[in-house]
Each structure stands twice: as C-alpha cells, then as structure tokens.
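Only one structure is covered here, and it is reproduced in the block below.
The values are calculated or read from the model by the stated rules, or taken from the named source; none is laboratory data. This one's a predicted model, so the numbers in the text were calculated from it and none came from an experiment. Counting neighbours? That spans all protein chains shown, and the Cβs are built from the backbone with ideal geometry, glycine included. Surface accessibility is based on the protein's heavy atoms, side chains included, excluding ligands, DNA and RNA. Shrake-Rupley method; radii C 1.70, N 1.55, O 1.52, S 1.80 Å.
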Amino acid sequence: MKMKQFMQMKKTISILFLMMTTILWSCEKPDDNISAPRYGLAGVAAQFADESISTEQFTSTQEPPYGDTIRIQFPKYYPRNSMQPIDITRMRITATLPVNVIINPKLTVMDLTKENIIEVVNNDGTIDKHIIIGEILP
C-alpha cells in the first residue's frame, strides 16, 4: 500500500514539475519583428487641391528615412512645356505610413511655399519632427 501511494505521489510531483517548467519557458520574450520598418514615413506626395488643374502627384527625391526637412520637387512651369508658373500655395499632402504610425496635425491642404511642421508618432512611441516644404526646380 505504501509503495502504491509513493508511486502516485512521485507521478503527481513529476507532472507538477513538468507543468511549471513549461509555464516558465513559455513566458519567453518574443523576438523583435525585423521586417517592420525602423522609420515612420514610407512616402510623401503632393497634388493640387483643385483636381481640375491636375491629379498628378509630385514627390520628393529623398528616400526614407527622411531627415528633418522633406522637400517636394515641382517644375518651374505647369503644365509642363508652358510658360505658366506653378502655384504651390494649395497642395493636398498624402503620406504612406506603416501600421500604428500617426501624423499630427492631420495632413490636409498645405501652402508649400512655407515650412509646414508635422510630428510622426512611430509604432514604438518615438516622435520624429519633419518640415515639409516645396522646392521649385529651375
């Protein structure tokens, strides 16, 4: 009888030990997602707020990660091959963002002849400040 109780107790202790070991090892910290981008803005573009002018998008020649200043390039004359100077005072700005990245203030119509300051809240909680401005090419 004592042998049977001893074997039962040994079996119970072994099962408890295995369960505790499994629970402790399952609480391992997950690996970092190395495929997630390390920067907030993946792309920035501008187009005329008045779509009757054109729906063409103008972009920056800079590659992400962007520095402090994002310059969006425009031709001196628009439409191209005309003598009409381009007006970049009312441009709709759009951005390509990874998941859980936020821009403050929200992107709307901006005057790209002036500096427009935005804050990008990255998915890790860090904040990057950028200035968006237009650059008219000769």
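Close amide H contacts of I70 (hydrogens built in the peptide plane, cut-off under 5 Å, sequence separation of 5 or more or a different chain): I131, I132, I133. Ignoring lysines fewer than eight residues from K106 along the same chain, the ones with Cα atoms less than 18 angstrom from its Cα are K114, K129.
Taking every alpha-carbon pair under 8 Å whose residues sit at least 6 apart, the chain reaches a relative contact order of 23 percent.
At 1.4 Å probe radius, can you tell me the per residue accessible area of the chain in Å²? Show your work: numbers first, answer last.
On the way: 10230 Å² over 138 residues.
On a per-residue basis, the chain sits at 74 Å².
Protein heavy-atom surface of the range 1-133, 1.4 angstrom probe: 58% of the accessible area is carbon and sulfur, with nucleic acids and ligands not counted. Using a Gaussian network model of the chain in which every pair of alpha carbons under 10 angstrom is joined by a spring, one finds that among L16, L112, L41 the greatest mean-square fluctuation is at L16. Counting only alpha carbon atoms, the long axis of helix 2-26 and the longest principal axis of the chain meet at about 10°.
Of the trypsin sites (Lys or Arg not before Pro) found in the range 99-138, those in coil by DSSP whose Cβ has at most 15 other Cβ atoms within 10 Å are K106, K114.
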